[in-house]
Amino acid sequence: QVQLVESGGGLVQPGGSLRLSCAVSGSIGTIYTMGWYRQAPGKQRELVAGITRGGSTNYADFVKGRFTISRDNAKNTMYLQMNSLNFEDTAVYYCHVPTITGAYWGKGTLVTVSS
């Protein structure tokens, strides 16, 4: 059974940093693209950043220059380094792995930016 488990969320002050992790386990085969999404209260889920197996990345405009996505293919783990956090970054952050047989999602990790 495939599992995606996010960790690293928490409460942080504006301007602070957090590092999220997503560990993928189970018979998922080779993982090509991975991504982070987020969903703020009352809003739709939105793409934050994506990364290919080769390391190519893409970011939503609202995180460019502040967030960095990375992955460790040997560990089937993805990371999101989040710096200069602001109130608008408060959301549940989800790990996403698309495959030819379907998409997998983690249960999410809550990031709260508050003073």
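The values are calculated or read from the model by the stated rules, or taken from the named source; none is laboratory data. Just so you know, these numbers come straight off a predicted model, no measurement behind them. When we count neighbours, we look across all protein chains shown, and the Cβ atoms used for this are built from the backbone with ideal geometry, even at glycine. These accessible areas exclude ligands, DNA and RNA; they are computed on the full protein's heavy atoms, side chains included. Shrake-Rupley method; radii C 1.70, N 1.55, O 1.52, S 1.80 Å.
In this view, the solvent-accessible surface of Leu11, computed with a 1.4 Å probe and all protein chains in place, comes to about 130 Å². Shown in residue order for region 80-97 are the 3J(HN,Hα) couplings computed by the Karplus curve 6.51 cos²θ - 1.76 cosθ + 1.60 at θ = phi - 60°: 9, 8, 10, 10, 6, 5, 10, 4, 5, 7, 4, 4, 8, 9, 10, 8, 9, 10 Hz (x for Gly and Pro). Dipole orientation for the chain: of the candidates Tyr59, Gly26, Gly102, Gly26 has the Cα lying most toward the positive pole (charges on Cβ; Lys, Arg +1; Asp, Glu -1). What are the aspartates and glutamates whose alpha-carbon lies under 18 Å from the alpha-carbon of Lys64, with same-chain residues fewer than 8 places away excluded? Filter leaves Glu46, Glu88, Asp89. Here the Karplus relation 6.51 cos²θ - 1.76 cosθ + 1.60, evaluated at θ = phi - 60°, turns the backbone of region 29-44 into coupling constants of x, 6, 9, 8, 9, 10, x, 10, 10, 9, 9, 8, x, x, 10, 7 Hz, with x for every Gly and Pro. Comparing mean-square fluctuations of Gly26, Gly35, Gly55 from a GNM of the chain with C-alpha springs under 10 Å, the top value falls on Gly26. Under a 5 Å amide H cut-off, with hydrogens placed 1.01 Å from N, Leu85 pairs with Gly15, Gly16 among residues at least 5 apart or on other chains. Label zone (Lys75, point 7 Å along Cα-to-C-beta; backbone nitrogen cut-off 16 Å) within region 19-38: 19-26.
Annotation: lysines with alpha-carbon distance below 24 angstrom to Lys75 (same-chain offsets under eight excluded): Lys107. When Trp105, Trp36 are compared by accessible area at a 1.4 angstrom probe, the order from most to least is Trp105, Trp36. Phi angles across region 59-67 convert, under the Karplus curve 6.51 cos²θ - 1.76 cosθ + 1.60 with θ = phi - 60°, into 3J(HN,Hα) values of 10, 5, 4, 6, 10, 4, x, 10, 10 Hz, Gly and Pro given as x.
For the pair Glu88 and Arg66, the difference between a 0.36 nm per residue extended length and the Cα-Cα distance amounts to 6.6 nm.
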